[in-house]
Every structure is written in C-alpha cells, then in structure tokens.
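Colleague: So that we are looking at the same thing, I have put the structure below in structure tokens.
All of the numbers you see were taken from the coordinates with simple rules; none came from a lab. From a predicted model like this one, the values you see are computed outputs, not experimental measurements. No Cβ is skipped: glycine too gets one built from the backbone with ideal geometry, and neighbour counts run over all protein chains shown.
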Amino acid sequence: MHTKTFVAVAVGLGLVTLSACGASNGKSDSSSADTRTVTLVSHNSWAASKGVIADFEKRSGYTVKVLEDGDAGQAVNKAILTKDHPQGDVLFGVDNTLLSRALDNGLFQTYQPKGSDLILPQYRTDQAKHRVTPIDSGDVCVNYDKKYFADRKLAPPASFDDLVKPQYKNLLVTENAATSSPGLGFLLGTVAEYGDDGWQDYWKKLKANGVKVVDGWDVAYNQEFSGSAGGRKAKGDRPLVVSYASSPPAEVIYAEPRPKTAPTGVAYGTCFRQVEYAGLLSNARNPEGGKALLDFLLTKEFQEDMPLNMFVHPVREGAQVPPEFTEYGRQAENPGTMAPGKIADNRDQWVKSWTSLVLK
C-alpha cells in the first residue's frame, strides 16, 4: 500500500484530493466532447494544494479531475485491465518496484514533457522512449519509537543487521511484500543489501526474531506501531515499523500542539529508494490535456508543493524543500537501489519465495 503518512489529515488542513472517486465500469469519465477536463488516475496518497491546482487550471484552461484507485499496486493493476478504455488521461504514482509491469503491458504512449531536461540525472529512466516521467522520490525505511528505546536505555537499530539481534526480538512490524508497496520496498532493500544468495537467510533470521507481517501500511503504522499519533486511542505494541524517511516530519507537522522534536526516528541503514512516475495513458480521451498536466507536474511550482502534501522529495533541479520538511528528518544518504530491469526480471519470484518463507 503506497500510503504517505498523514495525507488524510492533510486534506483537512487546506490540501485537496480533488474528485477522489474511482469509477468501477472501466470507462473513462471524460467524454470526447469534454476536452477541457483532464483526468489524473492515482493511488490514494495524491494530494496537492488548492492554489497550485487552481493556477494550472487558470493558465491551461483545463479542469483537473482525480480518480484515486487504492494503493500503487491496485492502481497499476486496474489501469492494465482498463487500458483499452482507460479511466483517465494520465497515471501518476507507479513506482520503480512496479514500473516494468506497467511498461510491459503497454500502459503509456510516448511523450517528453517540457522541463524533463531539468530532472536530476539519478532519476532519469526510459530515456529512449519517454513513456514515463519521474515525478518524486522517497525512502522506505524502518522507523522507531524514540520514547520506547529511551525508557529502556536501549539504542535503536541502525541497520538491517541490527534488526536480527536478540535485543530487538518481537519489536518489528512490516507490510506484506505481495500486497504493499513499502513492504515490497523493504524486501527489495534486503535483496540489495544481502544479494541474491543471502536475502533469504536474512529473512529466516528476521522471522526467528519475531517480525510481524500485516497487509498494508495503514495497519502497520497506525495500529501496530507504538510511536504513531495515528488518531487512535490505543497505541500498538511494536516500536519498530517499516514506513518512510518522511514519516517523522509528518508526525511533527500535523501534531497539535506541534512538538519541538519528532517522536519517531529513522534507521537510515535500512532505507530503499523509491521513485514515482507519471505517464500519458494509451488511448487517453484527452491526450493534449494529459500532456499539459505532465508538463505541470515538472514545474517548479508543483515540485516545491509536493513535500508538505505527499511527503516526497522533488526530482527537478533547483526545486527547494521547505525547511520544516528537513528540520525533523532527511533523505537517506546511501539508500539501497536497484535497476528497474533487475526488479522486472526477479520481482515475482522474489515475492513468491518471500511468501513461502515468511508467511507459511
């Protein structure tokens, strides 16, 4: 589940998810006559400031409609099933763990947005065909409850190796790699760390050390994790959770009253870098509107609007991150990474092996 921390809360604080209502008939809501509406299909963590969207609509003459379709995996799978009659014009939110599935199924048509020459080199991909455009990046990492470890005078884990030590037994909750984007990102992080020959042995140790697996991020973070504000009466009992490097800033920014420091921390030695892409859907009803929207997603205005809305980092050169976003957390300096091609070649078998090893 590709849910960024506290997006639901953000909606109540002046952000907007626009027309967040998925269609179930597999047909686009944009009729051929309605060429002034451009429809963005996204996972359910899309959020943007009202003023920024209004600026785009005023300048372009298009009205933006957003259809949210669950987490990233669900959105991609539904887009594949409806690609002949797509729900919208642009798909946002397919990440590097799922990119090959989207490309292999012909979801996108070629388009190189204005401003793509300003994308930071480390995020560029599919440069020969320009079927997708990188929009943002984020790090999947283990988060920890600072109070739990301070109360016990126990140092929090800092690396994958630490997580299998006896002092952290029964403390970690993660998401199912077969159903959740951060869960899959964490699995890929262990593959990047230990290689094809070592990751399964690592997971045997992690299972023996009491790791708990749940279906998605919301359950892991807001129900099982002891350090989450989460809007609930009872806290979970697991002080370690697979989440994002941007979760601590979110804990501070949306807290009332705002604390001076984040109540949660990040084990930066456990991070895996995710990159999210957008693309113009094949058979889009309004391809010109879709192209204008893709151009907009790379503008400095939108790129600088993302951090406090979706808790991700911009990919455009010169786009600034708000100080409150970095004051309480930072990007991982040396995150795990993996070429999309390697993910494409091995993802399904890795998930199958992981499921047999961890869930049975």
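Colleague: Taking the beta-carbon count within 10 Å as an exposure proxy, list Glu256, Glu276 from fewest neighbours to most.
Modeller: Ascending number of Cβ neighbours within 10 Å: Glu256, Glu276.
Colleague: Ok, one more. Roughly how tilted is helix 50-60, in degrees to the nearest 10 and between 0 and 90, from the longest Cα axis of the chain?
Modeller: 30 degrees
Colleague: In addition: Round to a whole angstrom and tell me the spacing of the C-alpha centers of segment 122-137 and segment 165-242.
Modeller: Answer, in whole Å: 29.
Colleague: Taking loop as defined by DSSP and a crowding limit of 14 other beta carbons within 10 Å, which trypsin sites (Lys or Arg not before Pro) in segment 137-167 fit?
Modeller: Within segment 137-167, the qualifying trypsin sites (Lys or Arg not before Pro) (loop, at most 14 other Cβ atoms within 10 Å) are Arg152, Lys153.
Colleague: Now a separate question. What's the center-to-center distance, using Cα atoms, between segment 255-301 and segment 313-360 in Å?
Modeller: Here the answer is 13 Å between Cα centres.
Colleague: Here's a follow-up. How high is the relative contact order of segment 291-360, in percent, with contacts defined as C-alpha pairs under 8 Å that are six or more residues apart? Mind dumping the intermediate values first?
Modeller: On the way: 28 pairs, mean separation 12.3, N = 70.
Once divided by the residue count of segment 291-360, the mean separation gives 18 percent.
Colleague: Using the crude model of +1 on Lys and Arg Cβ and -1 on Asp and Glu Cβ, and no other charge, please compute the dipole size for segment 202-287 relative to its Cα centre, in debye to 20.
Modeller: The calculated dipole for segment 202-287 is roughly 240 debye.
Colleague: Could you give the angle, 0 to 90 degrees to the nearest 10, between helix 181-194's Cα long axis and the longest principal axis of the Cα atoms of the chain?
Modeller: 60 degrees
Colleague: As I understand it, the dipole of the chain uses +1 on the Cβ of Lys and Arg and -1 on the Cβ of Asp and Glu, about the Cα centre. Which of Phe149, Gly138, Tyr62 lies farthest toward its positive end?
Modeller: Phe149
Colleague: Pulled fully out, how much extra length does the chain show between Lys153 and Lys129, if you take 0.36 nm times their separation in residues and subtract their Cα-Cα distance?
Modeller: Additional length available on full extension: 3.3 nm.
Colleague: Please label the shape of segment 153-296 as rounded, prolate or oblate, based on the square roots a ≥ b ≥ c of the eigenvalues of the alpha-carbon gyration tensor (a/c under 1.5 means rounded; beyond that, a/b larger than b/c means prolate, else oblate).
Modeller: Cα axes put segment 153-296 in the oblate bin.
Colleague: Suppose every K and R has +1 on its Cβ and every D and E has -1 on its Cβ; what is the size of the dipole of the chain about the Cα centre, in Debye to the nearest 20? Each step should come with its number before you reach the end.
Modeller: Details: 40 positive and 42 negative charges, 130 e Å.
Magnitude of the dipole: close to 620 debye.
Colleague: I've got another one for you. What nm distance separates the two modelled labels at Asn346 and Asp55, each placed 7 Å from Cα along Cα→Cβ?
Modeller: So the label points at Asn346 and Asp55 sit 4.2 nm apart.
Colleague: Take each of the peptides 135-141, 245-251, 206-212, average the number of other beta-carbon atoms within 10 Å over its residues, and list them starting from the highest. Spell out each step's value before the answer.
Modeller: Numbers: 135-141: 27.0, 245-251: 25.4, 206-212: 15.9.
Averaged packing, sorted descending, gives the order 135-141, 245-251, 206-212.
Colleague: Let me ask another. Using just the helices of the chain, give the 222 nm mean residue ellipticity in deg cm²/dmol: DSSP H runs with n ≥ 4 each add -39,500 (n - 2.57), and the total is spread over all residues, rounded to 500. Intermediate values should be presented prior to the final figure.
Modeller: Values: 14 runs with 118 residues, N = 360.
About -9000 deg cm²/dmol.
Colleague: Among DSSP beta bridges lying fully in the chain, give the percent that are antiparallel, nearest 5.
Modeller: In the chain, DSSP labels about 60 percent of beta bridges as antiparallel.
Colleague: Just want the answer: with Cβ charges of +1 for Lys and Arg and -1 for Asp and Glu, which residue in Ile119, His85, Ser356 is farthest toward the dipole's positive end in the chain?
Modeller: Going by the charge dipole, the pick is Ser356.
Colleague: Lys65: which lysines have alpha carbons under 29 Å from its alpha carbon, excluding same-chain residues fewer than 8 sequence positions away?
Modeller: Of all the lysines, those that pass the test against Lys65 - Cα under 29 Å, at least 8 places apart if same chain - are Lys4, Lys27, Lys50, Lys78, Lys83, Lys114, Lys129, Lys291, Lys300.
Colleague: Still on this model: Under a 10 Å cutoff between Cα atoms, tell me which one of Thr133, Thr63, Thr264 has the largest fluctuation in the Gaussian network model of the chain.
Modeller: The residue that fluctuates most here is Thr63.
Colleague: Another one. Once both axes come from the Cα atoms, what is the angle between helix 287-297 and the longest principal axis of the chain, in degrees from 0 to 90, rounded to 10?
Modeller: 40 degrees
Colleague: Let me ask something else. Assuming a ≥ b ≥ c are the square roots of the Cα gyration tensor eigenvalues, decide whether segment 240-360 counts as rounded (a/c under 1.5), prolate (otherwise, with a/b larger than b/c) or oblate.
Modeller: oblate
Colleague: In sequence order, what are the phi-derived ³J(HN,Hα) couplings for segment 119-135 according to the Karplus relation 6.51 cos²θ - 1.76 cosθ + 1.60 with θ = phi - 60°, rounded to whole Hz, with x for glycine and proline?
Modeller: With coefficients 6.51, -1.76 and 1.60, one gets 5, 4, x, 5, 9, 6, 8, 6, 5, 6, 10, 6, 7, 10, 10, x, 10 Hz.
Colleague: Identify, among Ile343, Ala284, Thr179, the residue whose Cα sits farthest towards the positive end of the charge dipole of the chain, taking +1 on the Cβ of Lys and Arg and -1 on the Cβ of Asp and Glu, with the dipole about the Cα centre.
Modeller: So the residue we want is Thr179.
Colleague: Hey, another quick one. Could you tell me the relative contact order of segment 51-124? Use alpha-carbon pairs under 8 Å, at least six residues apart, and round to a whole percent.
Modeller: It rounds to 22 percent for segment 51-124.
Colleague: Once P(r) over Cα pairs in 20 Å bins from 0, in percent is worked out from the coordinates, which option in (i) 33, 60, 6; (ii) 31, 58, 11, 0; (iii) 28, 55, 17, 0 does it equal?
Modeller: Working out P(r) over Cα pairs in 20 Å bins from 0, in percent from the coordinates points to (ii).
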